[in-house]
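The values are calculated or read from the model by the stated rules, or taken from the named source; none is laboratory data. As the structure is a prediction and not an experimental result, all values here were calculated from the model. Glycine also receives a Cβ, built like all others from the backbone with ideal geometry; neighbour counts cover every protein chain displayed. Keep in mind that these areas ignore ligands, DNA and RNA; they rest on the heavy atoms of the full protein, side chains included. Shrake-Rupley method; radii C 1.70, N 1.55, O 1.52, S 1.80 Å.
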Amino acid sequence: WREGRDPRALAASIAAGDAAMAAYSYATAAREFGEALVLWSDEPNGLTIDHVDLLGRASRASYLASEFRRAVAWCREAIDELGADDPARLTTLLILLGRAQWVSGDWGASIATYERALDTSPAEPPGVRIRALAGLAQAYMLHGRYREARPMLEAAIDSAIGIGARDLEGHARNTLGV
């Protein structure tokens, strides 16, 4: 389908990428989402995702497959394409970019990205802001900036408890335990 430019190839590549993610086969997912990006046209028919979402999926799969340069590149492309019109999506992408930068060793850029994520995070939905707060605090903690990290983590924990987000509470508590 791909070689023949069959219109079904794009949807099949996205579905294969989603299935590979569900099976924890991140390298396969990254490859499938990459193929989908090659096949993407300006007006894909019948898809329930947009180009930014596809870039985000490709970036996350690449990050989980330890393909950090590709993860960073696709995430930056998604952020540039999205713009500032959707703060929750932008914050989510910035958090992913910050994490990919951190694990690739670009710590300074990572902290700056996490700071931007917190600055752009909307009050609603609260989970997005909590994730940005905990992510920045984790970067601070890992960079030895404990005094700055602690109040941020305590705020993230309180907010997570307030909305019943045990995963976010656990993330912040784990970092605070350092």
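Below is a table of values for the structure above.
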item	result
Complete set of residues in segment 155-170 that are in a helix (DSSP H, G or I), more than 15 Å from Leu118 (Cβ to Cβ) and open to solvent by 50 Å² or more (accessible area, probe 1.4 Å)	Asp158, Ile161, Gly162, Ile163, Arg166, Asp167
Residues of segment 25-75 that turn out to be among the aromatic types (Phe, Trp, Tyr) and more than 22 Å from Trp102 (Cα to Cα), as a count	2
Pairs, first free of Cβ contacts under 8 Å to residues at least 40 places away in the same chain in segment 106-132, second surrounded by 16 or more Cβ atoms within 10 Å (Cβ to Cβ) and of a type in the set (Lys, Arg), C-beta under 6 Å, six or more apart	Ser121/Arg129
Test: residue in segment 47-62 that is more than 26 Å from Ala11 (Cα to Cα), open to solvent by 60 Å² or more (accessible area, probe 1.4 Å), assigned to a helix (DSSP H, G or I) and modelled with pLDDT of 95 or more	no
Residue identified as out of contact with any strand residue (DSSP E or B) (no Cβ under 9 Å at 6 or more places or on another chain) and modelled with pLDDT of 95 or more among Ala132, Ala123	Ala132
Qualifying residue in segment 66-84 (condition: charged (D, E, K, R), within 21 Å of Met152 (Cβ to Cβ) and out of contact with any Pro (no Cβ under 9 Å at 6 or more places or on another chain))	no
Filtered residues of segment 29-39 (kept if over 25 Å from Ser110 (Cβ atoms) and either crowded, with 17+ Cβ neighbours inside 10 Å or acidic (Asp, Glu) (or both))	Arg31, Glu32, Glu35, Ala36, Leu39
Within segment 70-143, helices (runs of 4 or more DSSP H) holding 1 or more residues that are open to solvent by less than 10 Å² (accessible area, probe 1.4 Å) and polar (S, T, N, Q)	87-103, 107-120
